[in-house]
Amino acid sequence: MMNKKGQGLSWSTLIGGLIGIVILILVVMALMGFFNPLDDLFSKVSTPELAIQSCNGYSISEKFIYSYCDNFQEVKFSGSSNNEYVNCADPRISKNLGSTLDCGEGRVETFCANLRKGKNFKGAVVNGIDCPVLTAEEKELLVKIDGIGDKLTLEKKNEFRGKIYDPSISFNTLKEFYANDQEFMELYS
């Protein structure tokens, strides 16, 4: 009698090979862009209605003030070709809420300043306010600040950077603000 055990392929080898082929096909399809139409289903861009719905949950209590004021969502408004960033204090959102919270000043500017720090930032609109890209002068000044070494304290460098990134301060205003600051004028010249 012949022992046939060990001859041929086992089921686990066949199943493993089949799974490997399916994974390979899926990887090739993904690389060819077959799944790109599905991107819209998983997009992070919200609608005004969804933003209002989430803000209604935040506006009920002061303990949600961070979510209400500092949680900016990317929203696509109808009739607009570009997406905008909004928080619950945006008038287009807050007018539809049962109650509102006071966010104080500076939230939009801070969010915009953080956006402007990104390498690939190309401009945005935040709560209906333009958040422009850094000008060539501003970029040049940032390079000088980073390259100055120990001539400036870290605190002073961060102060200068913060003012440069702040979208509410134009470059000319910045120069006027620091006109009497010798350290800044050395950077600028």
Within the group N127, N114, N83, which residue is buried (at least 16 other Cβ atoms within 10 Å of the Cβ), over 24 Å from I60 (Cα atoms), under 19 Å from the mean Cα position of the chain (by Cα) and not hydrophobic (A, V, I, L, M, F, W, C)? N83
Verdict on A89 being hydrophobic (A, V, I, L, M, F, W, C) and either over 14 Å from A51 (Cβ atoms) or surrounded by fewer than 20 Cβ atoms within 10 Å (Cβ to Cβ) (or both): no
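Rule-based calculations on the coordinates, nothing more; no lab input. Only a predicted model underlies this, so the values are computations on that prediction, with no experimental measurement involved. Don't worry about glycine lacking a Cβ; one is built from the backbone with ideal geometry, like all the others, and counts go over all protein chains shown.
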